[in-house]
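Report on the following structure.
Values in this text are rule-based calculations from the coordinates and carry no lab data. The structure presented is a predicted model; accordingly, all values stated were derived computationally and were not measured. When we count neighbours, we look across all protein chains shown, and the Cβ atoms used for this are built from the backbone with ideal geometry, even at glycine.
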Amino acid sequence: MSARSWDAVVVGGGHNGLVSAAYLARAGLRVQVLERRERVGGATVTEEPYPGFRYSVFSYLVSLLRPEVIHDLDLVRHGLFLVPLESTLNPLPGGDELYREADSNRTFANVARHSRRDAEAYVEYRLRMTQLAQLVHELQATAPPDLVDGAAADEDAAALAALARRYVQAPRDLIFTFLQALTTSAESLLDQWFESAPLKAALATSSIIGSFVSPRSPGSAYVLLHHYMGEIDGVYRAWGWQKGGTGGLAEVIARAARSLGADIRLDAQVQRVLVEDGEVCGVVLEDGEEVRARVVLSSLAPQASLGRFLDPGLLPEELLDRAMRWQSFGCSGKVNLALDRVPRFASRPEPGPHLAGGMSIAPDLDYVERAFEDAKYGGWSRRPFADLVIPSCLDPDMAPPGKHVMSCFVQYAPYALSGADWADQREAFGDAVIDVLEEHMPGLRESILHRQVLVPPDIERIVGIPGGNIFHGELRMSQLFVNRPGARAAAYRTPVPGYYLCGSSTHPGGGISGAPGRLAALRVLRDLDRPAEVSATAATGSGA
Amino acid sequence: MSTPPPHGTQAIQRAFALLRAVADSARPLPLAELSRRVGLRPPTAHRILGALVAEGLLDRVERVERDGAGMGYCVGRRARALGALAPLAGQQKPPRTTPFFARELEHHASFGWRDWSGVAGATSYEPTYHREYWAIRNAAAIIDVSPLFKYEIRGPQAEALANRIFTRDFRKCRPGQVMYTCWLDDDGKLLQDGNVVRLAPDRFRATAAHPTLRWFQDCGHGIDAEVAEVTEDYAALSVQGPRSRAVLVAAARDRAHAERLAALPYFRAAEADIAGCPVLVTRTGFTGDLGYEVWIAPADAETVWDALFHHGEAHGAMPVGLVAMDQARVEAGLALIDIDFVSAAHALLEGRKSAPHEMGLAWTVKPSPDRDFVGRAALERAVAEGFRTRLVGIEVSWMELERVHAPYGLRPQNPHHPPSREPGALYAPYGAEDGRQVGQVTSQAFSPLLKKQVGLASVDARFAEPGTALELEMMVDYKRVRASARVAHLPFYDPPHKRDDVTIDEVQGARA
């Protein structure tokens, strides 16, 4: 193995590492992916802890996956199979609900039950958010400049100038909404539109996913916008289920990468990056084996990529300092359930299309705020927020016939508890989640065959993300665009020649988008003077 | 009122008064308000309303009011569906329906019905068809295909007659086998296509989209066989999707029937028993997926429907309408009569008639010296001359869709568009033929599975090679634009499970 020589080594076989590898291989490079675990995927994995019951263990839905990645890597041919979620159910206390479904007239009537004004405002809101998403979606396909590394900035100047021109030309009120979204809280954004508590809470759930903020925290509006940038077939804010779970998606990208010539090596833990005469020349594995290559890309978080892997003397002090202070403490947990029967909601006791949609437990903003209060002081939420999917209702292959699996994404479960240890608290937190679910799905508890509770330290241990943050680092202005992960490393390059970053801790951040992996690979190819024919997303304008 | 109402009709009149009051109101009305409008005491009104709700003529729903509280009555699902059918019937007579109609109404939550050969067919059961499409591709779809015309060819020389009518060689069709075939007029032009199952050495059953009893009978001159129309003798459900086999196996009466269905090969037929009803199951369909068609005596229709849904629930089975099936058949590259080609019996213009070779059906016409089917001589002359058009697949990539929408400030919004049967012009690129029109797309759909626009097209044979670059005219923001398209192999989607062979243990043990 070590006798082979590689053009590029990609550290980490998560979705971004695999996307990078596939793009590099597509351009004719000899690529070696090194994955620490016995399977590819990182946080995009499906496992079968009980026969017939399959969990999409960590990440569970796909929305942000870039169309150009799907197209360039021919992912459909390799098994991409995205079943869209058509509805969102928010159960409310007392057997009430807010149900947003595929048919817009029905959604209108359902929202109107809570407020006729809001039903009309919701139509306008979706239009405005679509315009906003159109305005910013190009950001997902544009490399940020490096504010210090001038060379990188110059290369991207043209693309950025075009982007800036479009922002200047966009309607004023849209730019105003955009600036608000970058800075304000989700609540203050939503207050401008809506009066009814259930709708505001339902929409605000996107503003806290994976983030240590509440809908009342400044900056939460950006997290909401980040989730709006996802699309399925041109429909923003649409979510899809990959057949076989997100592990299925990792397999799809891995197949694409292999078919393009990349080699993926499992059970290969990288210990450090090999640097000779100031230039990267490969990596060293835990067992001392050297894997040599002209360039190395790391898809890991900065603490590892810029910290553990490198001799500290190789980096400017401020970059090293930034890497070690990178905000990646997670606050999201995952409860995976195997169920004996299909769950029944108090508000909707009969099985129906709602079970194949998303469901979330967030009756009003106070509820979410209280959940956050617990976490602010180092506790876990006594009454957690939960975002639910029943994968077996979207994909019969996920559970034996008649049985089901339920994926519960829950907050808040801060990485570090004050005065307590997750080892003692994990199951109690799981109980709190089930208690809340039981209120809305009477009988759920009795139907549970098996339960898996995962909290940030588990994500850190299993996936390797320091702090267990699902986005490899908080999505806040101080950690976005030119700040992701920081000056001298924001344009996928690092100060060490030949060493690149390609994971979710680079622009445009977390979620199964493949965008960081793609942009990093394109940067490498340009630096190697290996132009690649790739798709570029078309500048759409605001539509206004 | 000129004549007094006959005795005993008071309750019915009151029921109608309540129905009218509900129908006249834009929003659900509460009991108190209804009683007042109709002039009944609330307990009386309540009793009658209960009966109407039980019959599905009214629904009891939560009212959409600012004060929020309370229940009200609105027009029920069954009454709405009946109303939706009125245009089909010209409001003169009740529309013809299939034997599954009552069951379909129970699932029907949209406004959509389509006239299929004069019979009401659901376009989609849910308000949008998307989940029904995914049921075909990802779980199990149950589609009512009863309106197909059905004919039996029976008698000592049934085989000879089949071989005279159809282009395929039915001497090679063993009992229990199904053959897809087409049939031609005397000029070698395509009349129709359909599946023919050989039930016994002297008995065949064919399906057709258009009535064709007279043609079949006229072809039989001098042959000792009879042709009978059996359209009304069989209701039919098409069970399609990767879990369709698991659904049928679960619904089979006993292990022997289950084994037979599990092992049924592609394009074969088997008799089976579902919930005590004898049915014929053929491994056929119109979706390009794993699938079966179940042929049922009309009296057993509801029993079989109930059994399939009862056993299908665990496999994600859903009732699926005609829009989702249309989407699937475009992906499967299956040309549809009246849409992608015109039957020679219906074409006003000679140029609108097609030879099988022009519809991708050359494979169904294998010449053999000792056999003579209707249209053979003319077809052979045409083959010698060559054909000027071909049926091809056309695809437009997602990135190209983005590109043509962008100048208008739009992103493609494809999932909102159902499959289209509107023709679209295909042009040669500039530089070839000066960009003139070289064909037309006749069916197209954005495939949410394949992430591209796909279509069936008839093009000039010189542009029919897969990979050929063409331009497809599309409308974006009411402007005609030309998108770069490519000629593609058909079918677009061809999963291996469509024709695989498995055992019952694999069906029951594995995840399908």
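Between the C-alpha center of segment A:21-43 and that of segment A:62-127 there is a gap of 33 Å. So what is the calculated 222 nm ellipticity per residue for chain B, using -39500 (n - 2.57) for each DSSP H run with n of 4 or more, over all residues, to the nearest 500 deg cm²/dmol? The helix contribution divided over chain B gives -8000 deg cm²/dmol. Its Kirkwood hydrodynamic radius, worked out from the mean inverse distance over all distinct Cα pairs, puts the protein assembly as shown at 31.6 Å.
For chain A, just say rounded, prolate or oblate: build the C-alpha gyration tensor, square-root its eigenvalues into a ≥ b ≥ c, call rounded for a/c under 1.5, and beyond that prolate if a/b exceeds b/c, oblate if not. Judged from the Cα gyration tensor, chain A comes out prolate (a/c at least 1.5, a/b above b/c).
Helices in chain A, meaning DSSP H runs of at least 4 residues, each add -39500 (n - 2.57). Divided by all residues, the mean residue ellipticity at 222 nm is -10500 deg cm²/dmol. The label point for A:Asp435 and the one for B:Ala297, both projected 7 Å from the Cα toward the Cβ, are 6.0 nm apart.
With a cut-off of 20 Å on the backbone N, the residues of segment B:364-397 near the modelled label site 7 Å out from B:Glu350 along Cα-Cβ are B:375-390.
With each label modelled as a point 7 angstrom along the Cα→C-beta vector, the B:Ala51-A:Asp321 pair spans 8.6 nm. The packing ranking, built from the mean of other Cβ atoms within 10 Å per residue, places the peptides B:102-111, A:399-408 in the order A:399-408, B:102-111, highest first.
Remark on A:Gly282: its backbone amide H falls under 5 Å from those of A:Leu274, A:Ala293, a criterion applied only to residues 5 or more positions apart or on other chains, H modelled at 1.01 Å from N.
Here chain A carries DSSP beta bridges of which approximately 75% are antiparallel, counting only pairs with both residues inside.
For the segment A:221-233, counting C-beta atoms of other chains within 10 Å of every residue's C-beta and taking the mean gives 1. Between B:Phe387 and B:Asp273, the modelled label-to-label distance comes to 4.6 nm, taking each label 7 Å out from Cα in the direction of the beta carbon.
Residue-wise HN-Hα couplings along segment B:210-217, as the Karplus relation 6.51 cos²θ - 1.76 cosθ + 1.60 with θ = phi - 60° gives them from phi, are 10, x, 8, 4, 4, 4, 4, 5 Hz; Gly and Pro carry x. With a Förster radius of 30 Å applied to the C-beta separation of B:Ser25 and A:Arg117, the computed FRET efficiency comes to 0.85. Shown for chain A: lysine pairs separated by 8 or more places, or found on different chains, whose C-alpha atoms are under 25 Å apart, numbering 6. In sequence order, segment B:312-329 has phi-based couplings of x, 3, 5, 10, x, 5, 9, x, 10, x, 6, 5, 5, 5, 5, 4, 5, 6 Hz under the Karplus curve 6.51 cos²θ - 1.76 cosθ + 1.60, θ = phi - 60°, and Gly or Pro positions carry x.
Over chain B, the pair-distance histogram of Cα-Cα distances with 10 Å bins from zero comes to 4, 16, 23, 24, 17, 10, 5, 1, 0 percent, rounded to whole numbers.
Relative to one another, the C-alpha centroids of segment B:199-261 and segment A:470-531 are positioned 60 Å apart.
Under 5 Å between amide hydrogens, built in the peptide plane, is the criterion, and for B:Leu58 it picks out B:Val53, B:Gly76 among residues at least 5 positions away or on other chains. For the listed peptides A:360-371, B:257-268, a ranking on the average number of other beta carbons within 10 Å per residue, highest first, reads A:360-371, B:257-268. Once backbone amide H atoms are built at 1.01 Å from N, A:Leu98 has A:Asn90, A:Leu92 as its partners under 5 Å, excluding neighbours fewer than 5 places away on the same chain. The simple Förster model, with R0 at 22 Å and r as the Cβ-Cβ distance, assigns A:Leu147 and A:Met477 a FRET efficiency of 0.95. Close Lys pairs in chain B, defined as Cα atoms under 25 Å apart and 8 or more places apart or on different chains, number 17. Contact order, relative form, for chain B: 13 percent (alpha carbon pairs under 8 Å, 6 or more residues apart, mean separation divided by residue count).
Normalised by the number of residues in segment A:14-168, the average gap of Cα pairs under 8 Å and 6 or more apart makes the relative contact order 9 percent. Considering only alpha-carbon pairs that sit under 8 angstrom and 6 or more positions apart, the relative contact order computed for segment A:227-371 is 9 percent.
Roughly how many Å is it from the Cα centre of segment B:45-60 to that of segment B:363-426, as a whole number? If we compute the Cα centre of each part, the gap is 51 Å. The magnitude of the dipole of the protein assembly as shown, with charges of +1 and -1 set on the Cβ of Lys/Arg and Asp/Glu and taken from the Cα centre, is near 1440 debye.
Here segment A:34-177 is assigned +1 on the Cβ of each Lys and Arg and -1 on the Cβ of each Asp and Glu. Its dipole about the Cα centre then comes out at about 500 debye. Taking each residue as 0.36 nm, the span from B:Ala469 to B:Gln413 lengthens on full extension beyond its C-alpha to C-alpha distance by 17.8 nm. Beta bridges per DSSP, both residues in the protein assembly as shown: antiparallel share near 85 percent. Phi angles of segment B:111-117 translate, via the Karplus equation with coefficients 6.51, -1.76, 1.60 and θ = phi - 60°, into HN-Hα couplings of 9, x, 10, 10, 6, 10, 6 Hz per residue; Gly and Pro are given as x.
For trypsin sites (Lys or Arg not before Pro), the sites in segment B:366-421 that DSSP calls loop and that have at most 16 other Cβ atoms within 10 Å are B:Arg371, B:Arg388, B:Arg421.
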